[in-house]
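Here, each number is a calculation from the coordinates, and none is a lab measurement. Everything numeric in this text was worked out from a predicted model, so none of it was measured. Reconstructed Cβ throughout: ideal geometry from the backbone, glycine too, with neighbour counts over all protein chains shown.
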Amino acid sequence: MKARFYKKRILIGAIVLSMSLGGFSSVSYADSADDVYAEVNQKHSSEIQKLIDNGADEEATKSFIREVHDTLKSKNVTQSNFDEELGNTLIDIYFESVNNGSHSEVFSAASKGWPDVKAGDLITAFGKGTDAVLDVLPSVFKDIGNSVENKILASGQTSTGGGGGAGGGGGGGGPIATKTNTTQAVNEAIQTIKASERFLIELENTVKVDIPAGVVQDGAEVIAKILDENDVPAVESVNLQRIGQVIEVKTNKENKFAQDISLQFQMDQWDQSKGKPAVFYFNELRNKWMYIGGEIDNSNKSILVKVNHFTKFAVFQVKDHADFKDVPTNHWAYNQVDRLVGLGIVNGRGNGEFDTKTSVTRAEFAKMVSLALDLPKGTEAELQTFSDAARIPSWAKEQVSAAVKAGLLEGKKQADGSVQFSANTPITRTEMAVMVSRVIEKKAGNLTQFKDVQKIPAWAKEGVAAVIADGIMTGTPDQNFEPNKSTSRGEAAVVIGRILHQLGL
């Protein structure tokens, strides 16, 4: 296995695998978890034993290896894309573990068994999926990946059928690859969707719309077109200069989706001296262009974003967009910090830094949420219920008042019966969870996965469970929620970024 993961988790098209089996071992592979485990254990017994010694028993380890194997097997991997898909798979399994406790024994054992691997580095690596992830990833995961790669590719389990491989004999084998349909046009394309198939819609030299199978409703018509300049919404900011044309993507049914769709824009007119390029979408309700961001590919002058809704999109060069030396592109909070800066929700702290590790106060978080949700500015009248209203900073009063009026924030009852807002006190993870839960659609979540569940106050458990269920917040690598821990600026940015994404904003 090549020692790298790809940074870009772009959607990979199904590739028909036709290969000779002559160069591989003649080992016979079965599909049972026991046989998968035995193959890995035979080659890397010391690594597997280290997992077991640190709390992941044999059954837990088998279950983990089986999920890695089965997930990759279903993806129709090839030798050329295996590293990328292994990285994606480990990331997905990790976040499933954080959210519902599955395979928590394996990840916990990995953190304990490899003392050179710091938990913070590990969660950062899983959160970003960067090229450098193998520098901090426990070697056991690399070894599992090697064995699973050999097993899947040597057995031809990802073959899409339609005849054997060269020299492999007759009859196809393995699952059928998801069919990919490509529609190309100059100015407008209309495509009827089959939910079981993937669709690529390309408008010449402008955009590629990548719709994975199962995202858009079956039978829906997707329309992608370049807008006439007369139909392009106005741009208010003088700091924005459009690159290329405006496109509109919509369906005749639902235009918000449970999964992401990729948009890749060409930026042939990009002039690097005139600002950072970013994808924007037009918010019809707010009647303005809103910053999304995107992954820039300098080599072919393109930019990629993932969105969960359709509307009008365009690429703009942003003059004087702030980038921070303490939040490089591989930082775990980069995407959300970059977007919130672009939306005018947060700023840096001077010296070219965002200061991700500093705690966020209750007033600061209230302002961030109010701006993100575009709540109507409040007045000081809503603040008079707080005995410490005078201590709420003037720069935050309108947004704090807005959040209180919207029912997102409450004060803290004191022993003398008064209620204080405590504007300058750092907001805890519990307080942030409850506030956020009042924004999202509440779902029942599982808190038993957290070792410190008893430390979560009774009044907050429903809210904490809701944000965990929605993936807005997660626990720590060692399966704690840390309800009383202060929230950092980086963590707050990530949470608000996830809220915006879930709401389709």
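Observations, loosely collected:
- Mean Cβ neighbour count within 10 Å, used as a protection proxy, ranking 58-64, 396-402 highest first: 396-402, 58-64
- Summary of packing: across the peptides 197-204, 226-233, 443-450, the per-residue average of other C-beta atoms within 10 Å ranks them, highest first, as 197-204, 443-450, 226-233.
- Using the Cβ-Cβ distance between Gln269 and Asn424 with R0 set to 56 Å, the FRET efficiency from 1/(1 + (r/R0)^6) comes to roughly 0.75.
- Ranked by the mean number of other Cβ atoms within 10 Å of their residues, highest first, the peptides 262-275, 420-433 come out as 420-433, 262-275.
- Comparing Cα centroids, the stretch 426-444 and the stretch 231-291 end up 30 angstrom apart.
- Thr78 versus Asp218: modelled label distance in nm, points set 7 Å from Cα along the beta carbon direction: 3.0 nm
- By the count of neighbouring beta-carbon atoms within 10 Å, fewest first, Lys276, Lys151 end up ordered Lys276, Lys151.
- Share of Cα-Cα pairs in the stretch 371-490 lying beyond 21 Å, as whole percent: 43 percent
- Residues whose amide H falls under 5 Å from that of Ile427, counting only those 5 or more places apart or on a different chain, are Val360, Thr361, Arg362, Thr487, with hydrogens built in the peptide plane.
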